[in-house]
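The structure appears below as structure tokens.
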Amino acid sequence: MPFDLTFLWQTFVSLLSGIPLALELAALSVATGSLLAFGLALMRVSRRWWLDLPARFYIFAFRGTPLLVQIYIIYYGLSQFPALRHSFLWPVFREAYWCALAALALNTAAYSAEIMRGGLLSVPAGQIEAARACGMARILLFRRIIVPQATRQMLPGYSNEVILMVKSTSLASTITIMEITGIAAKLISESYRPVEVFISAGAIYLSLNFIVARLFALLEWSLWPERRKNRLQSNIVEKKGELHA
Amino acid sequence: MDYFQLMGFSADGWGHDMLRATGMTVAVAFIGFAVGLIFGCLGAAASFSNAHALRLAAAAYTTALRGIPDLLVIYLFYFGSSSVISGIAALFGSQGFVGAPAFLTGALAIGVVSGANQTQVLRGAVLALNKGEVEAGRAYGMGPLLLFRRIILPQAARYALPGVGNVWQLVMKESALISVIGLVELMRQAQVGAGSTRQPFSFYLTAAGLYLLITFASGQAFRLAEARTMRGLRRGI
């Protein structure tokens, strides 16, 4: 079968229509997942075993099993319980969209919680002591000292997680959701031309992830004013060094 | 039928099937991991090469396969090789779709994907080496092969172990995706059981528990191995 440019272009155009749904799934699951993750991270650093232990177990369970199993448990598994099928929640759990969203959010929460915990732990103890010595109450200390520094510390790790989530939305196609991969699978089974479809879909995912990575790099740059200054200074120092040498 | 009868080992229990499928999951993940290790070594070697084209190829490989969903790669490998096989079968008079062997294409697909992650891990391990040691080895007159065997490999393997362990856990979980092309591993077996007994929750939860068991056990194994390779090494922190 010859490589067909017209077919490639047609495929690309029909795959474009899956982008909004994929982005919507990724954005909503990252947003709700990050709220949940924040709570889990706080539980992990709370130093109270009855808070730490459940969070630890949650993270262990969701990071130790495939996302596909989690999606299937929610979408197919929950229907085993007649009590749920007859409850007011059923219209929500009957929809593949909400099930995929729930599974993605619960999954990313487990990974993000550990990233956030790393960020929280990276705040130097001296700064927290200094803030306490200044008489800051817990909430104020948290808002002014801990969160801003923890946020920018965890950004590189978190941007990786968001890219993983963009990729993970492809699993929603296994429960009938027609996002990019869902459309791609349909096109492959209709045309038997996996290479062209793969190239188009791959290019779309790569560009989406490239944009996400750039956005996070921009955010990191805007949150580190002193690093920008330092880089400028270190550049000047380097130039001077070159001159002396 | 209650849960323990359902997952039991009696004649109409699903215990045997689930365990056999778990074995299949471990097997396909292991082959995929091994393929990934080979691709990772090639990728890392290419990334350190003097040839510009090779470095570029390694960068393109890691960027592309870490940015594209694994599911798409599995589809490409399965349907791609199937259409080649169907084409060959058509020469011998067969008509219609001939499926490629799911185990082989699946293991190869997750191998190629994990190879991209493995490239990054191995690259980082080589970069962590003390440059002075490599120079000292050269100064002793070691050829590149001897230098690699005696100086680079033993130390890089030590630095790479934690990252390699992470890649194994990823491959383990990605292997569930091979169920979409029909290989009867743990995930597919759970689907079959769920379909024929109408107890999806029991089956998927059991599958989740078995995955958890494998990831937990292999995590412990990697921790032990790490402790062993790090023995006799002074730690800064």
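The values are calculated or read from the model by the stated rules, or taken from the named source; none is laboratory data. Since this is a predicted model, take the numbers as computed values, not measurements. Cβ sites come from the backbone with ideal geometry, for glycine too, and all protein chains shown count toward neighbours. The accessibility values were calculated without ligands, DNA or RNA, using every heavy atom of the protein model including side chains. Shrake-Rupley method; radii C 1.70, N 1.55, O 1.52, S 1.80 Å.
Scanning the stretch A:153-183 for residues that are under 21 Å from A:Phe12 (Cβ atoms) and either in a helix (DSSP H, G or I) or within 13 Å of another protein chain (Cβ to nearest Cβ) (or both) gives A:Val166, A:Lys167, A:Thr169, A:Ser170, A:Ala172, A:Ser173, A:Ile177, A:Glu179, A:Ile180, A:Thr181, A:Gly182, A:Ile183. What residue, of B:Ala57, B:Ala90, B:Ala45, B:Ala64, is within 24 Å of the chain's Cα centre (by Cα), assigned to a helix (DSSP H, G or I), within 14 Å of another protein chain (Cβ to nearest Cβ) and surrounded by fewer than 19 Cβ atoms within 10 Å (Cβ to Cβ)? Going through B:Ala57, B:Ala90, B:Ala45, B:Ala64 in turn, just one is within 24 Å of the chain's Cα centre (by Cα), assigned to a helix (DSSP H, G or I), within 14 Å of another protein chain (Cβ to nearest Cβ) and surrounded by fewer than 19 Cβ atoms within 10 Å (Cβ to Cβ): B:Ala64.
Return a yes/no flag: does the stretch A:82-89 have any residue that is within 14 Å of chain B (Cβ to nearest Cβ), assigned to a helix (DSSP H, G or I) and open to solvent by less than 50 Å² (accessible area, probe 1.4 Å). There is at least one residue in the stretch A:82-89 that is within 14 Å of chain B (Cβ to nearest Cβ), assigned to a helix (DSSP H, G or I) and open to solvent by less than 50 Å² (accessible area, probe 1.4 Å).
Checked against (1) away from chain A (no Cβ under 14 Å); (2) assigned to a helix (DSSP H, G or I); (3) among the hydrophobic types (A, V, I, L, M, F, W, C), B:Phe203 passes all but a single condition, namely (1). Taking the listed residues B:Asp17, B:Asp70, the one that is within 28 Å of A:Ser173 (Cβ to Cβ) and within 12 Å of another protein chain (Cβ to nearest Cβ) is B:Asp70, with no other qualifying. Among the residues making up the stretch A:1-44, those that are in a loop (DSSP other than H, G, I, E, B) and surrounded by fewer than 15 Cβ atoms within 10 Å (Cβ to Cβ) are A:Met1, A:Pro2, A:Phe3, A:Asp4, A:Ser17.
Answer with yes or no whether B:Ser196 is within 11 Å of another protein chain (Cβ to nearest Cβ) and hydroxyl-bearing (Ser, Thr, Tyr). No: the conditions fail for B:Ser196. Looking at the stretch B:134-159, which of its residues are open to solvent by less than 40 Å² (accessible area, probe 1.4 Å) and either within 26 Å of B:Arg228 (Cα to Cα) or under 29 Å from the mean Cα position of the chain (by Cα) (or both)? Scanning the stretch B:134-159 gives B:Val134, B:Gly137, B:Leu147, B:Ile151, B:Ile152, B:Gln155, B:Ala156. Checking each residue in the stretch B:100-119 for being farther than 18 Å from B:Pro69 by Cβ, of a type outside the set (Phe, Trp, Tyr) and open to solvent by 40 Å² or more (accessible area, probe 1.4 Å) picks out B:Pro101, B:Leu104. Take A:Phe198 and decide whether it is closer than 17 Å to A:Phe12 by Cβ, in contact with a helix residue (DSSP H, G or I) (Cβ under 9 Å, 6 or more places away or on another chain), of a type in the set (Phe, Trp, Tyr) and surrounded by 15 or more Cβ atoms within 10 Å (Cβ to Cβ). The answer is yes for A:Phe198.
Results for (1) among the β-branched types (Val, Ile, Thr); (2) free of Cβ contacts under 8 Å to residues at least 24 places away in the same chain, shown as yes or no for each residue.
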residue	(1), (2)
A:Ile128	yes, yes
A:Arg132	no, yes
A:Met136	no, yes
A:Asn160	no, yes
A:Ile163	yes, no
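The residues of the stretch B:206-237 that are more than 10 Å from chain A (Cβ to nearest Cβ), open to solvent by 70 Å² or more (accessible area, probe 1.4 Å), among the aliphatic types (A, V, I, L, M) and assigned to a helix (DSSP H, G or I) amount to a single one, B:Leu224.
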